[in-house]
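Undergrad: Please see the structure below; I have some questions.
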């Protein structure tokens with residue numbers, strides 16, 4: 001009978017080759033065990049990457065919308081907070097003017113104008129709010145604040161009111177200047193007349209918050225508070241009874257303007273709600289897409305663990321055989 005055998009060098013090469021193969025399998029299975037993903041994706045998909053690429057494209061798109069909704073949420077939340085501050089100052093000033101309007105004392109008038117000046121500072125500051133480096137109420141000119149300091153506004157308005165002696169004439173002149181395109185919009189407003197473009201928050205949904213500092217409700221509030229701040233100025237030289245009548249009329253106007261600012265806050269609130277809804281839908285779609293992608297390239301943990309244990313046993317067996325072969329000698333064979 002003929003016995004076929006291989007030499008020691010060939011045997012050693014065979015064992016090393018087999019050891020390398022087993023170690024490679026262990027490395028692959030360890031990767032799949034730790035990540036839960038198949039290492040050989042091409043083999044898993046039979047070379048067809050179309051479905052996987054489509055899922056990756058959808059994930060990239062949803063990630064972009066996730067960033068867009070986060071920015072939209074930040075923008076609308078900041079705008080809502082600014083309008084709330086503006087509205088609070090408006091309400092406080094309205095109540096104060098109606099209270100001061102019942103008095104015909106010069107001291108009371110001075111206090112009313114001083115409070116109006118303070119509230120005007122707060123209102124302008126709220127409209128000059130920035131978020132993420134962008135002005136909220138400047139239209140497309142997001143790199144500049146929409147309004148200058150209150151003193152600039154009061155100086156320009158005082159020039160229009162000087163020489164008038166009745167409450168009706170003063171209110172009419174202020175209204176004309178604020179509504180004149182060459183008045184408030186040209187001399188005071190520093191933003192752009194074009195409102196911001198709608199913000200895309202999902203595949204087929206946009207939100208539009210086209211509110212600038214030239215909105216009629218905001219201008220009306222700034223106008224009446226500014227007039228109240230100037231009412232007791234010596235340059236106007238208004239009689240005490242005229243100041244009293246003016247404060248009363250301005251307080252009533254501001255009370256009516258509150259409803260219009262509430263409408264603006266409601267408009268922003270509706271946009272906030274839509275952003276939250278879109279963010280929730282986008283997050284759900286992203287989770288679903290990620291699950292589908294993981295299922296496509298996932299490695300079964302139980303099967304992987306069983307295969308890893310088998311391959312480890314094969315490696316241990318190979319080491320045992322290698323050790324025994326290394327200890328072979330003619331003397332040990334003849335014993």
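Nothing in this text is a laboratory measurement; each read-out follows from the coordinates by a stated rule. No experiment lies behind these values; they were computed from the predicted model shown. Cβ placement follows ideal geometry from the backbone for every residue including glycine, while neighbour counts extend to all protein chains displayed.
Undergrad: If you take the square roots of the eigenvalues of the alpha-carbon gyration tensor of region 71-290 and sort them as a ≥ b ≥ c, do you get rounded (a/c under 1.5), prolate (a/b over b/c) or oblate?
TA: Verdict is prolate for region 71-290.
Undergrad: Also, I was wondering about something else. Provide the FRET efficiency to the nearest 0.05 for the residue 255-residue 290 pair, computing r from the beta carbons and using R0 = 51 Å.
TA: 0.45
Undergrad: Once you keep just the Cα pairs under 8 angstrom separated by 6 or more residues, what percentage relative contact order results for region 71-290?
TA: In percent, rounded to a whole number, it is 32.
Undergrad: Given R₀ = 35 Å, what would the calculated FRET efficiency be for residue 152 paired with residue 206, taking r from the Cβ atoms and rounding to 0.05?
TA: 0.45
Undergrad: Which order do peptides 220-230, 78-88, 47-57 fall in by mean Cβ count within 10 Å, highest first?
TA: Values: 220-230: 25.5, 78-88: 19.5, 47-57: 11.8.
Result, highest mean first: 220-230, 78-88, 47-57.
Undergrad: Okay, next question. Given labels modelled 7 Å from the Cα in the Cβ direction, how far is it in nm from residue 70 to residue 159?
TA: Going by the 7 Å Cα→Cβ label model, 4.7 nm.
Undergrad: Using 0.36 nm per residue, how much length does the chain from residue 130 to residue 239 gain when fully extended, once their Cα-Cα distance is taken away? Show your work: numbers first, answer last.
TA: Working: separation 109, 0.36 × 109 = 39.24 nm, distance 4.11 nm.
Answer, rounded to one decimal: 35.1 nm.
Undergrad: Set the Förster radius R0 to 56 Å, insert the Cβ-Cβ distance between residue 92 and residue 52 as r into 1/(1 + (r/R0)^6), and round the FRET efficiency to 0.05. Kindly include the intermediate steps, with their values, before the conclusion.
TA: Numbers: r = 60 Å, r/R0 = 1.07.
About 0.40, to the nearest 0.05.
Undergrad: Right, something else. Under a point spin-label approximation (7 Å from Cα along Cα-to-Cβ), what is the residue 81-residue 143 distance to one decimal in nm?
TA: Here the answer is 2.5 nm between the modelled labels.
Undergrad: Right, another one. Measuring from centroid to centroid over Cα atoms, what is the spacing of region 228-242 and region 162-194 in Å?
TA: 18 Å
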